[in-house]
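Let me begin by presenting the structure, written as structure tokens, before commenting on it.
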Amino acid sequence: MSNTKAVWAFLLALLALGVLVGAAAAARLMSQVGFLEAVPAVPLALVLALASVSLARRARFDHQRTLGRTGGARLAVVARGLGTLALIVAVTAALALAVFAVLTLVLD
């Protein structure tokens, strides 16, 4: 048996980090994409990171409940770490965009 929740948690964590890095790279490297066009990537990454952490927790619970027969304990730990990292980066990006929006409104 394999722990599909651990695999999905890992993939969602990678996807969340990929969305954040991709949006930042697009805003930095492409002249037609600014920081405001990259804003929708932040909530998407936030949702993906939360789903990853939740799935990793469930995968770890399944592993313990089945006495290790499902496997995937290490992958669940890695997914939870990556998901937490993506969550921290997404929250930081959201706060940075909020400060940017406030400063833009105040200085205009």
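What is the number of the single condition among (1) in contact (Cβ under 8 Å) with a residue 12 or more places away in the chain; (2) closer than 21 Å to residue 95 by Cα; (3) part of a helix (DSSP H, G or I); (4) more than 17 Å from the chain's Cα centre (by Cα) that residue 60 does not meet?
(2)
Only one of these is touching a residue at least 60 places away in the same chain (Cβ under 8 Å), closer than 16 Å to residue 85 by Cα and surrounded by 21 or more Cβ atoms within 10 Å (Cβ to Cβ): 13, 45, 49. Name it.
Within the list 13, 45, 49, the selection yields 13.
For residue 74, state whether it is under 19 Å from residue 14 (Cβ atoms), at pLDDT below 95 and of a type outside the set (Val, Ile, Thr).
In short, yes.
What number of residues within the stretch 68-108 are outside any helix (DSSP H, G or I) and touching a Phe, Trp or Tyr at 6+ places or on another chain (Cβ under 8 Å)?
0
Just the residues that are modelled with pLDDT of 95 or more and either in contact with a strand residue (DSSP E or B) (Cβ under 6 Å, 6 or more places away or on another chain) or buried (at least 16 other Cβ atoms within 10 Å of the Cβ) (or both), please, taken from the stretch 86-108.
Residues satisfying the conditions are 86, 87, 89, 90.
The values are calculated or read from the model by the stated rules, or taken from the named source; none is laboratory data. Note that this is a predicted model, so its numbers are computed, not measured. Cβ: placed from backbone, ideal geometry, glycine included. Neighbour counts: every protein chain shown.
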